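Have a look at the structure below, then the notes.
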Amino acid sequence: MQITFYGAAREVTGSMHLIASGSDRILLDCGLFQGRRREAAEKNRVLPFDPALLTNVVLSHAHTDHSGRIPVVTANGFNGRVLCTRATASACGYLLPDSASIQQSDADYLNYKSVRAALAHGGVLRTGANERSARLEAAKKILKKGRHELNVDTINRLAEELRIERVKPLYTMADAEQALGFFDGIPYRQPVTIGNGIRCTFYDAGHILGSAISISPSRRTGGLFAWASPATWAASTSRFSTTPPSPLPRRTAPWTS
Ligand SMILES: [Zn+2]
């Protein structure tokens, strides 16, 4: 068994780890990198493996820094199951569409800035104003409906006319809805097959509702192998836990990312 750490290593977000065992390629979590808009967008777009080669995804909990890139995987050839607790599957039914809406808003805002800059710098506006700040204000009036609402139709039309390459959202609402069809909610403490000869059982981690520590029998050592994200593992001993964590089996070798 080989484990590769792709995220949440020396950083907090983007939790994603790949277990390779025989012909199985099991992804543990598939989270969004969060941070500066442009930098995070670039990191989130690139998957370091072909999603079509993944056999299953095991999800520790619904927070988007653990689940938010699942629609990227399911929209690009993934054909397995996303295994998690039932509560996590339910929560993702809200969080992933919400995340898609945020991706769209982020893309709209980046496009707004590009078109605004082109209008302000390119002499496109016939305002008679020579000052850059005046041209900028004139551009804002065209590209915004109100103080906080963008005129997305106008932004898209002008981007096309000015031949500005538009930023596309990381994934759409349709991608998020499609991703939910891959989810398989499993009750706590009920073993589930996640690979060839590999089973795991979810135990309450006491982080958010549905969070789980996944425990598998280890064929190599004969002991137990625990998979937990740092947040879920820390929460299992935290006084801020929403519920007391359920007792874990004995002889557990903890693994945290
Ligand atoms: Zn969390």
**Request:** Kindly list the number of the only condition in (1) at negative phi; (2) modelled with pLDDT of 95 or more; (3) of a type outside the set (Ser, Thr, Tyr) that fails for Gly77.
**Result:** (1)
**Message:** I want to confirm something. Restricting to segment 92-118 and keeping residues that are within 30 Å of Arg163 (Cα to Cα) and of a type in the set (Phe, Trp, Tyr), which single residue is surrounded by the most Cβ atoms within 10 Å (Cβ to Cβ)?
**Reply:** Tyr112
**Asked** In segment 19-28, is there at least one residue being closer than 30 Å to Asn111 by Cβ and either within 15 Å of the chain's Cα centre (by Cα) or small (Gly, Ala, Ser) (or both)?
**Response** no
**Item:** Checklist (1) out of contact with any Ser or Thr (no Cβ under 7 Å at 6 or more places or on another chain); (2) of a type outside the set (D, E, K, R); (3) more than 16 Å from the ligand (Cβ to nearest atom); (4) not in a loop (DSSP other than H, G, I, E, B) applied to Phe5, failing item
**Value:** (1)
**Prompt:** What residue, of Leu180, Leu224, Leu209, is modelled with pLDDT under 65 and either buried (at least 20 other Cβ atoms within 10 Å of the Cβ) or on the phi < 0 side of the Ramachandran plot (or both)?
**Reply:** Leu224
**From the options Thr237, Thr252, residue that is at pLDDT below 90 and either among the aromatic types (Phe, Trp, Tyr) or within 16 Å of the ligand (Cβ to nearest atom) (or both)** = Thr237
**Message:** Anything in segment 178-200 that is part of a strand (DSSP E or B) and either touching a His at 6+ places or on another chain (Cβ under 7 Å) or touching a residue at least 24 places away in the same chain (Cβ under 8 Å) (or both)? List them, or say none.
**Reply:** Phe183, Asp184, Gly185, Ile186, Val192, Ile194, Gly195, Ile198, Cys200
**Item:** helices (runs of 4 or more DSSP H) enclosed by segment 23-108 - at least 3 residues per element that are over 30 Å from Gly206 (Cα atoms), in contact (Cβ under 8 Å) with a residue 12 or more places away in the chain and away from the ligand (no atom under 16 Å from the Cβ)
**Value:** 37-45
**Asked** Among the listed residues Lys140, Lys168, Lys145, which satisfies the condition of being surrounded by fewer than 17 Cβ atoms within 10 Å (Cβ to Cβ), farther than 15 Å from Leu119 by Cα and over 29 Å from the mean Cα position of the chain (by Cα)?
**Response** Lys145
**Request:** Output the number of the condition that Gln34 fails; it satisfies all remaining conditions of (1) closer than 15 Å to Leu180 by Cα; (2) of a type in the set (S, T, N, Q); (3) surrounded by fewer than 21 Cβ atoms within 10 Å (Cβ to Cβ).
**Result:** (1)
**Request:** Would you check if Ala89 is under 16 Å from the mean Cα position of the chain (by Cα), small (Gly, Ala, Ser) and either surrounded by fewer than 16 Cβ atoms within 10 Å (Cβ to Cβ) or modelled with pLDDT of 85 or more (or both)?
**Result:** yes
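The values are calculated or read from the model by the stated rules, or taken from the named source; none is laboratory data. Just so you know, these numbers come straight off a predicted model, no measurement behind them. Ideal geometry is used to build each Cβ from the backbone, glycine not excepted, and the neighbour counts take in all protein chains shown.
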